[in-house]
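Asks: Shown below is the structure under consideration.
The values are calculated or read from the model by the stated rules, or taken from the named source; none is laboratory data. These numbers were taken from a predicted model, which means no experiment stands behind them. Please note: Cβ atoms are built from the backbone with ideal geometry, for glycine as well, and neighbour counts cover all protein chains shown. SASA here: full protein model, heavy atoms, side chains in, ligands and nucleic acids out. Shrake-Rupley method; radii C 1.70, N 1.55, O 1.52, S 1.80 Å.
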Amino acid sequence: MRLAALGSTVQRAATPAYSSSRSANALRRRVVAGVLVALSLALITGYFRESENGTLHDAQGGVATVLHQFQVGAERIARPFQDAYGWLAGFMHAKSENEKLKERLKRYEQQLNQNITAARENRELRQALAYKSGPTFPRDYNGIAAAVTYHRLNEFQEKIAVAAGRSDGVRINDPVVDSAGHLVGNVSKTSPHTAQVALLTDGEFAVSAYDVQTETYGLVSHGQGAGESLILDLVPKDKLVEKNDLIYTAGRRAGQLPSLYPKNIAVGVVNSVGRSDIDIYQSIQVEPLADFSSLSSVLIMVPKARG
């Protein structure tokens, strides 16, 4: 049986015919790729070597013109989708902002109700105690309108001259405000028909003031250097003053100040707050609310009690 098996003829499987065909296809692809690469290099080289009026440049312009039409069509098709996306994104952003505004409005309403309640209680307590307060702006003052005749009389002093004087009831140290009620300065000299006003930015000017938001008191004066910067001085480090807080006159004397300003004249806005280890007071910069560069008229505040 072994001999029979060994003597029998065994047919081997034939080699697949597609093996040579696959090799031929691979070779053909390599040849085509090489031709395309060589053609591309030749076109690029010719494009850069020929003039702008050459054949390749003209062909490029023609192709660009054709493709531009497809680009325009694609943009027109995509524009509604872009608009829809932009509208949806804007709607979601507006919805988010609306929620934030609602929360802010709610806080303001609560604060307003608290303020109204506190004001009513304060009024009732004042009446019960027959409380006597100091002069208040503008309730206890009459405003004398006066034109500005000279502005900043010299480069070393921040002063202006106005067309109202002693004959109009103006006196030294009377506070001066602009048309919006912002503190400008005070009367430093008088004559029968004119007066000189020292501006907030004058080196000799100072006024006691307080932070409306935190009720922190200090002294407003001109800062170091030129310009219209002010400082809120004599504020201890343990007192709270924040950027963008409003600063108003305090209505009380501070040190050797020559006059008592009425309370609640707007002075400025805090634009920076700094602290250092070596200073006992905070470094607070204040931007005045009055625009000194465009003053054409002012109001001189004369106390009603003066008669």
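Asks: Could you list which residues have their amide H under 5 Å from that of residue 173, counting only those 5 or more apart in sequence or on another chain, with H placed in the peptide plane?
Replies: Residues meeting the criterion, in which the H sits 1.01 Å from N, are 187, 188.
Asks: While we're on this one: With r defined as the distance between the Cβ atoms of residue 109 and residue 277 and R0 fixed at 35 Å, what FRET efficiency is calculated, to the nearest 0.05?
Replies: 0.25
Asks: Which sequence of 151, 182 reflects their accessible areas, 1.4 Å probe, from the largest down? Kindly include the intermediate steps, with their values, before the conclusion.
Replies: Numbers: 151 70, 182 45 Å².
The ranking, largest first, comes out as 151, 182.
Asks: Rank 201, 117 by accessible area, highest first, at a 1.4 Å probe radius?
Replies: Details: 201 5, 117 55 Å².
From most accessible down to least: 117, 201.
Asks: On the full set of protein chains, 1.4 Å probe, figure out the accessible area of residue 95 and give it in Å² to the nearest 10.
Replies: Estimated to the nearest 10 Å², residue 95 gives 110 Å².
Asks: Answer rounded, prolate or oblate for the stretch 173-221, using the Cα gyration tensor with square roots of eigenvalues a ≥ b ≥ c: rounded when a/c is under 1.5, else prolate when a/b is larger than b/c, else oblate. List each step's numbers first, then the result.
Replies: On the way: a/c = 3.12, a/b = 1.96, b/c = 1.59.
Because a/c hits 1.5 or more and a/b exceeds b/c, the stretch 173-221 counts as prolate.
Asks: Right, next: For a quick check: with amide H placed at 1.01 Å from N, whose amide H comes under 5 Å from residue 184's, ignoring anything fewer than 5 positions away on the same chain?
Replies: 176, 177, 178
Asks: With r as the distance between the Cβ atoms of residue 173 and residue 147 and R0 = 22 Å, compute the FRET efficiency 1/(1 + (r/R0)^6) and round to 0.05.
Replies: Working: r = 21 Å, r/R0 = 0.95.
E(calc), rounded to 0.05, equals 0.55.
Asks: How much length is gained if the chain between residue 43 and residue 212 is pulled fully straight, taking 0.36 nm per residue apart and subtracting their Cα-Cα distance, in nm to one decimal? It would help to have the intermediate numbers written out before the result.
Replies: Values: separation 169, 0.36 × 169 = 60.84 nm, distance 7.67 nm.
Working it through step by step, the gained length comes to 53.2 nm.
Asks: Given charges of +1 on the Cβ of Lys and Arg and -1 on the Cβ of Asp and Glu, with all other atoms neutral, how large is the dipole of the stretch 150-225 about its Cα centre, in debye to the nearest 20? Mind showing how you got there, number by number?
Replies: On the way: 5 positive and 9 negative charges, 68 e Å.
So the dipole magnitude of the stretch 150-225 works out to roughly 320 debye.
Asks: If ligands, DNA and RNA are left out, what is the accessible area of residue 172 with a 1.4 Å probe, given in Å² to the nearest 10?
Replies: 90
Asks: If we count every other residue with Cβ under 11 angstrom of residue 203's Cβ, Lys/Arg +1 and Asp/Glu -1, where does the sum land?
Replies: Details: positive: 159; negative: 158, 202, 204.
My count for the surroundings of residue 203 gives -2.
Asks: Further question: For residue 63 and residue 31, compute 0.36 nm times the residue count separating them, minus their Cα-Cα distance, and round to one decimal in nm.
Replies: Here the answer is 8.8 nm.
Asks: For all pairs of alpha-carbon atoms in the stretch 162-307, what percent lies in each bin of width 10 Å, listed from the first bin to the last filled one?
Replies: 12, 42, 32, 11, 3, 0
Asks: Between residue 99 and residue 243, with labels modelled 7 Å along Cα→Cβ, what's the label distance in nm to one decimal, could you check?
Replies: Using points 7 Å along Cα→Cβ, the separation is 2.7 nm.
Asks: Sticking with this one: Accessible area of residue 50, 1.4 Å probe, to the nearest 10 Å²?
Replies: Rounded to the nearest 10, the figure is 50 Å².
Asks: Same structure again: Tell me, what % of the accessible area of the stretch 22-108 is carbon and sulfur with a 1.4 angstrom probe? If you can, show how the numbers build up before the last one.
Replies: Values: 5010 of 7800 Å².
Taking all protein chains in place, the stretch 22-108 shows 64 percent carbon and sulfur surface.
Asks: Please give the FRET efficiency for residue 120 paired with residue 293, using the beta carbon to beta carbon distance and R0 = 41 Å, rounded to the nearest 0.05. Don't skip to the answer; put the middle values down first.
Replies: Numbers: r = 42 Å, r/R0 = 1.03.
About 0.45, to the nearest 0.05.
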